[in-house]
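Asks: Supplied in structure tokens, the structure appears directly below.
Every number here is computed from the coordinates shown, using simple stated rules; none is lab data. Everything numeric in this text was worked out from a predicted model, so none of it was measured. Because the Cβ atoms are built from the backbone with ideal geometry, glycine has one as well, and the counts that use them run over all protein chains shown.
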Amino acid sequence: MKRWHALGLTVPLLAGLAHADYRLETLTEGLEHPWSLAFLPDGRMLVTERPGRLRLIEADGSLRDAPLAGVPEVFAEAQAGLFEVMLAPDFDDSGWLYLSYAYGDISANNTCLARTRFNGEGLSGGEVLFCASPAKRGAAHYGGRMALLPDDTLVLTLGDGFDYREQAQNAGNHLGSLVRLTLDGRVPDDNPFLGDDGARPELYSMGHRNVQGIVYDAARDELLINEHGPRGGDELNLIQPGANYGWPLTTHGVDYTGAQITPFRELPGLTPPLLHWTPSIAPSGMALYHGDAFPDWQGDLFVSALAGQQVRRLVREEGRVVEQQVLFEALDSRIRDVRVGPDGYLYLLTDHADGALVRVVPAS
Amino acid sequence: MMARGKAALLGFLLAVLVTTLSGSLIQTQFNLAALTALGAEISLATRLTTTAQDLVGFAPLYASLVAVTLTVALPLAALSRRWLPLPAGLLYASAAALGLWLAFMVVDALAPMPTLIAATRSLTGTLCMLVGAALGGVLYACCVGRRL
């Protein structure tokens, strides 16, 4: 059994299929860099494609030819484009969809959040709720994932824009942070930085690099995120309102050139990760398993990985990750997102120009 | 003829070495200065350790970039002497610095990230790295025996 290190603790990396036997089914092909997946109440699915398209997939996996019209104007370049699609908690009544995306041009852009109504066939009534500030140059590190909290607020993840890493320590902007908003885009009354004149009121936490996965675990009342480190230092973090997660003052990684970004792995006052992946796996999406199809996976986290071309199953006990399992390497693909469907199956999006939606079902 | 070839090779190796080492030292100090500006306290021991780590971790990659750059820039500078009546030291220093600047731009255009070497995000950092290349160019001129 290989060993994996997390903050000095050794986390066993399980080999083989210790807890489940599964089959991979390719449901849909022909998706251009699919980024995010949402399940509609009628069994259909919505998928974002990074170049700026929202696609409708029937329950049987067939892809509707025409993308949905009415998606916000998107800046599509390198890592920039259309990111997450998420249904409002009252979607059945309101029809609201939330979309995160990059807006602007190569010299001035950042992550934005919009909502639009979906009537089952088309989009209408779109409105922009939030744009991260300031606009920055380049097309890297946007975050763009979303999670709903039980108090009817949402958390949007952001990135540091790569060239602006030190700004992740500046509460006066949104770079390298999580922001928390009401469902209509306002600042909740109890946001942690509210009242601090030097801080943006939308901030929920800071000191992040590029947050690519987020999950709210209602059973444990935990908000968890994963974020890309540089070369090494990918992190799983437990989010506390107002906390500072250290980037770039602390990291377990080094720069892509091999240069030290910082001499510090931990510093007082900066919250360390629950787990770090060094070398990097490039975590992307993240899902919390609840379902009937894989009983042994109840309550486990699943983290998809791009460079790692796998999904990591994380087993937690008492707030710590105690086991990891490498899954789905047979796909031999960069995996952009992992979701749990209402049927209890796992759904994966592969990150390619000809990407696919893959369903994981029990072998039996 | 053989002696001139050896001198040119020695000069080239010295130029690569000086450009690389100075660039590594400089970029470490810029990165640490950015952390200090955020409030981090960096002791002399930590500074020296980080500098040494970068000589091991960063310098080899940087050396390859510098070597490719100077392989093109120094012969071009030698050729240009036919039309540019400038002192050799100035010519080789300028060629090395301009070549490295061009190399930074090419690498940034080709690499997936906006700026590959963090210290070159600012003009000051870039110029300091280029000064190292200029010093390398001067050393090359000295080795090949050109009048400075």
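Asks: Run the dipole for segment B:2-143 about the Cα centre, Lys and Arg Cβ at +1, Asp and Glu Cβ at -1, nothing else charged, and hand back the magnitude in debye, nearest 20. Could the numbers behind the result be given before it?
Replies: Details: 6 positive and 3 negative charges, 104 e Å.
Roughly 500 debye for segment B:2-143.
Asks: Could I ask something else about it? For segment A:2-362, with the dipole built from +1 on Lys and Arg beta-carbon atoms and -1 on Asp and Glu ones, taken about the Cα centre, which of A:ALA219, A:VAL360, A:LEU275 lies farthest toward the positive end?
Replies: A:LEU275
Asks: Tell me the Kirkwood hydrodynamic radius of the protein assembly as shown in angstroms, computed as one over the mean inverse distance between distinct C-alpha pairs. Let's see the in-between values first.
Replies: Details: mean 1/r = 0.0406 Å⁻¹.
Roughly 24.6 Å, rounded to one decimal.
Asks: Using the Cα centre of the protein assembly as shown as the reference point, and only Cβ charges (+1 on K/R, -1 on D/E), how large is the resulting charge dipole? Debye, rounded to the nearest 20.
Replies: So the magnitude is around 3240 debye.
Asks: Return the percentage of antiparallel bridges among DSSP beta bridges fully within the protein assembly as shown, rounded to the nearest 5 %.
Replies: 95 percent
Asks: What FRET efficiency, computed as 1/(1 + (r/R0)^6) with R0 = 25 Å and r the Cβ-Cβ distance, is obtained for A:THR26 and A:ALA78, rounded to the nearest 0.05? Provide the component values of the computation, followed by the final result.
Replies: Numbers: r = 27 Å, r/R0 = 1.08.
The value I calculate is 0.40.
Asks: Where Lys and Arg each count +1 and Asp and Glu each count -1, what net charge lies around A:PHE39 among other residues with Cβ under 13 Å from its Cβ?
Replies: Numbers: positive: A:ARG44, A:ARG339, A:ARG359; negative: A:ASP42, A:GLU58, A:ASP92, A:ASP337, A:ASP343.
Within the 13 Å Cβ shell, the charges total -2.
Asks: With springs only between Cα atoms under 10 Å, which of B:GLY11, B:GLY57, B:GLY89 fluctuates most in a Gaussian network model of chain B?
Replies: Sorting by GNM fluctuation, first place goes to B:GLY57.
Asks: Gap in Å between the Cα centre of segment A:172-195 and the Cα centre of segment B:89-141?
Replies: Taking the Cα centre of each part, segment B:89-141 and segment A:172-195 sit 41 Å apart.
Asks: Using a 10 Å cut-off around each Cβ of peptide A:240-250, what is the average number of partner chain Cβ atoms that fall inside? Each step should come with its number before you reach the end.
Replies: Details: counts 0, 0, 0, 0, 0, 0, 0, 0, 6, 5, 2.
Partner-chain Cβ atoms within 10 Å, mean over residues of A:240-250: 1.
Asks: I'd like the distance separating the alpha-carbon centroids of segment A:130-157 and segment A:290-316, in whole Å.
Replies: 24 Å
Asks: Now, a different point. If you take the charge dipole of the protein assembly as shown about its Cα centre, with +1 on Lys and Arg Cβ and -1 on Asp and Glu Cβ, which of B:ALA134, A:VAL187, A:LEU27 is farthest toward its positive end?
Replies: Among B:ALA134, A:VAL187, A:LEU27, the one farthest towards the positive end of the dipole of the protein assembly as shown is B:ALA134.
Asks: Still on this structure, please answer the following. Per-residue mean of other chain beta-carbon atoms within 10 angstrom of the beta-carbon, peptide B:115-122?
Replies: Per-residue shielding by partner chains comes out at 4.
Asks: Also: Could you tell me which residue out of A:TRP247, A:GLY233, A:PHE264 lies farthest along the dipole of segment A:214-273 toward its positive end? Charges go on the beta carbon: Lys and Arg +1, Asp and Glu -1, centred on the Cα centre.
Replies: A:PHE264
Asks: While we're here: What is the sum of charges around A:ARG137, taking Lys and Arg as +1, Asp and Glu as -1, for the other residues whose C-beta is under 12 Å from the C-beta of A:ARG137?
Replies: -2
Asks: Per the helix-only calculation at 222 nm, which mean residue ellipticity applies to the protein assembly as shown, given -39500 (n - 2.57) for every DSSP H run of n ≥ 4 and division by its residues, nearest 500 deg cm²/dmol? Walk me through the numbers before you get to the answer.
Replies: Numbers: 6 runs with 120 residues, N = 512.
Computed mean residue ellipticity for the protein assembly as shown: -8000 deg cm²/dmol.
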